[in-house]
1. Quick one: if you stick a label point 7 Å off each Cα along the C-beta vector at Ser448 and Glu15, how many nm between them?
2. I need Leu219, Leu114 ordered by Cβ neighbour count within 10 Å, fewest first.
3. Farthest toward the dipole's positive end in the chain, which of Pro105, Gly431, Leu135, given Cβ charges of +1 (Lys, Arg) and -1 (Asp, Glu) about the Cα centre?
4. At a threshold of 8 angstrom on Cα-Cα distance, excluding pairs fewer than six apart, so keeping six or more, what relative contact order does the chain reach in percent?
5. Placing unit charges on C-beta atoms (Lys and Arg positive, Asp and Glu negative, everything else neutral), compute the dipole magnitude of the chain about its Cα centre in debye, rounded to 20.
6. Kindly express, to the nearest 10 degrees and within the range 0 to 90, the angle between helix 316-334's C-alpha long axis and the longest C-alpha principal axis of the chain.
7. Please report Rg over Rh for the chain, where both radii come from the alpha carbon positions and Rh follows the Kirkwood definition.
8. Taking 0.36 nm per residue of sequence separation and subtracting the Cα-Cα distance, how much length would be gained by fully extending the chain between Ala408 and Gln321, in nm to one decimal?
Amino acid sequence: MGKQDLPTAFVRQMESLLGSDTEAFLDSYERPRTHGLRFNGLKLADVPQLKEAVIREYGLTPVPWCSTGYYYGENVRPGKHPYHTAGLYYIQEPSAMSAVELLDPQPGETILDLAAAPGGKSTHIASKMKGEGLLVSNEIHPERAKILAENIERMGVTNAVVTSAAPDELSRRFPQAFDRIMLDAPCSGEGMFRKDSGAIAEWTPQLVELCAARQWDILQEAYAMLKPGGTMAYSTCTFNRSENEDMMERFTAHYADMEIIDMKRLWPHREAGEGHFVALLQKRGEAGGHTWEASPSERQRPRKKGRSGNGKPGAGLQDAQSALKVFQAWAAEELPDFALPAGSPILFGESLYLLPGGELLQEQQLQGLKVPRAGLHLAHLKKNRIEPAHALAMALSHQQAAKRITLAAVDPQAYAYLRGETLQVDVSLKGWVLAAVDGLPLGWGKASGGQLKNHLPKGLRQH
Ligand code: SAM
């Protein structure tokens, strides 16, 4: 696309916004889009040498506003490399990396990402939280929430719960619950034009109005979930004022206890990136803990069959505890150096999860919600045995597994594993084996008689 493809009403809007800068802005549409990736701090600690190797291999250059962010050129495909599957980095538009940098999440906090799929900002937040505290990562559309959950698992995040709820459903369960909230709002996507010509076809001045109305609604719910003293980042990938500065002015005028701490614009004609708006806001008041208490109606709500617990009255927690014991006995043998992260066990059908957050999150808060990922998926329970979950493999350090194989990224076997093929292994290997690429876990296999049966989930296999 070029600047001649832009809608006339959009060009007029930009003229009134940018004045003499408009020509430079429009010229940016004649240049190729930018590409970025962000290294995952949760993985880098184990394999620090791989960062330099990837920087060299792809000729990466740093993104100035994000210490873990890098630009890559049009002709390289880091998304196809086994290191991508292993969660070493996340492909993310460079300007979008500015939002979480401004939010500045800290380990141990309780954080909500309210509009989270496919997960660029959630995985960035998780990497800064270093596995400590609670991240609730929410996406209203169930199909997109599944992709979000997959990305969170791929990056080895242990302390995130993925929900799929409308903002008002969530705010009923989490009043004033979060230290920080990321609201990367659904917007008219004016910053997507270079990347996606479909966004140009969809754009109209009415779309801008519609998006602004929706953002206003979502902001009410975000406000209700923010603790006094808490901070919130509001971001969009669009340029008009209605969805950005005007929205923030209206919001802070409406809520006297909200104040704007900072507001940033990244413009495609000034910085290398597609453009982003981010505002940092703070709710006045004493920062302090908030203990969630079930409302009478929540307390009386019956357990849902198959969602949590095994459907037998009163069985839930007790059963999850005994499932955890079985898992721990398995892990003592198979993962001798693995320390279970903080959390409580929760059963969803045959799946055992570790719900993070301790006091910060209680199982009842999730009842009645769609929860694609109730924390760290530890295992599938089969009659009397345990099958370790793929998410667990991705959350481990390779050396934590008693039985492991590592494949070099240049070895065709690494690609064979990712295609779901059976591998030849040493005959002495028996049972669950953690397969890795250059020391980064990729998934499980089960060894017997010199063969490693592939346990990479079918949906993740590459063809
Ligand atoms: N934060 C994500 C990331 O960094 O990967 C991108 C989020 S995208 C800009 C906005 C998200 O808001 C979309 O996934 C969209 O499905 C979701 N959304 C759409 N309507 C919504 C609504 N009414 N309330 C909350 N989220 C909504």
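1. Each label point lies 7 Å from its Cα, and together they span 7.4 nm.
2. Sorted ascending by nearby Cβ count, the order is Leu219, Leu114.
3. Result: Gly431.
4. This gives 14 percent for the chain.
5. Once rounded to the nearest 20, the dipole reads 1920 debye.
6. 70
7. Rounded to two decimals, Rg/Rh equals 0.99.
8. 27.4 nm
Every read-out reported here was derived from the displayed coordinates using simple, explicitly stated rules and does not represent laboratory data. Just so we're clear, the structure is a prediction, and the values are computed from it rather than from any experiment. Every residue, glycine among them, receives a Cβ derived from its backbone with ideal geometry; neighbour counts consider all protein chains shown.
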